[in-house]
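Remarks on the structure that follows.
The values are calculated or read from the model by the stated rules, or taken from the named source; none is laboratory data. These numbers come from a predicted model, not from an experiment. Don't worry about glycine lacking a Cβ; one is built from the backbone with ideal geometry, like all the others, and counts go over all protein chains shown.
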Amino acid sequence: MMNADEVRLFLEGRTIYCFQPETRALVAVIDYQSDGRCAARFSSGEEDTGVYGFDGESYWTRYQTFRNGQTHAFHLRKLGSGIAQAYYTDGTKAFLQSQSADLTGLAET
């Protein structure tokens, strides 16, 4: 898993493209602003805003409506340059995340 510094550098102040890990379909584009706010634009056309933060080697998010407005924490595992697989803290896969709109350079998961 990525360490605390790597997680912060991967997310903070960046736009992250989120894909379904099984199909590699784009689900959302999330802007993680440097002030702890985040904004998601979903492939469905819906949008949501929230907050995020860091807790050791994990990060958490809480949106207004996405995921029922609940706080969820994640770990990241690097899969390539600017690409990581997010996992809920229970080990379940979450979104495949990329700092670019494509997954070129993705190592096999």
Here the residues within the range 53-109 that are in contact with a Leu (Cβ under 9 Å, 6 or more places away or on another chain), of a type in the set (S, T, N, Q) and over 15 Å from Y32 (Cβ atoms) are Q85, T109
Odd one out for D48 among (1) at pLDDT below 95; (2) touching a helix residue (DSSP H, G or I) at 6+ places or on another chain (Cβ under 8 Å) | (1)
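Take the range 1-17 and flag every residue that is part of a helix (DSSP H, G or I) and either over 14 Å from Y59 (Cα atoms) or of a type in the set (D, E, K, R) (or both). Explain how you work it out, then say what you get.
Initial filter on the range 1-17 (part of a helix (DSSP H, G or I)): 4-11.
Within the range 1-17, D5, E6, R8 meet the criteria.
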Search the range 24-37 for residues that are over 16 Å from Q99 (Cβ atoms) and pair each with any residue that is among the polar types (S, T, N, Q) when their beta-carbon atoms are under 7 Å apart and the residues are at least 6 apart or on different chains.
-> R37/T49
Does at least one position in the range 18-29 carry a residue that is in contact with a strand residue (DSSP E or B) (Cβ under 7 Å, 6 or more places away or on another chain), of a type outside the set (A, V, I, L, M, F, W, C) and in a helix (DSSP H, G or I)?
-> no
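Out of R37, R62, report the one residue that is surrounded by 14 or more Cβ atoms within 10 Å (Cβ to Cβ), among the basic types (K, R) and modelled with pLDDT of 95 or more.
Working: R37 fails: surrounded by 14 or more Cβ atoms within 10 Å (Cβ to Cβ).
Answer to the check: R62.
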Matching residues in the range 40-95 (assigned to a strand (DSSP E or B), within 14 Å of E6 (Cα to Cα) and of a type in the set (D, E, K, R)) number 3
Within the bounds of the range 61-81, is there any residue that is in contact (Cβ under 8 Å) with a residue 24 or more places away in the chain and of a type in the set (K, R)?
-> yes
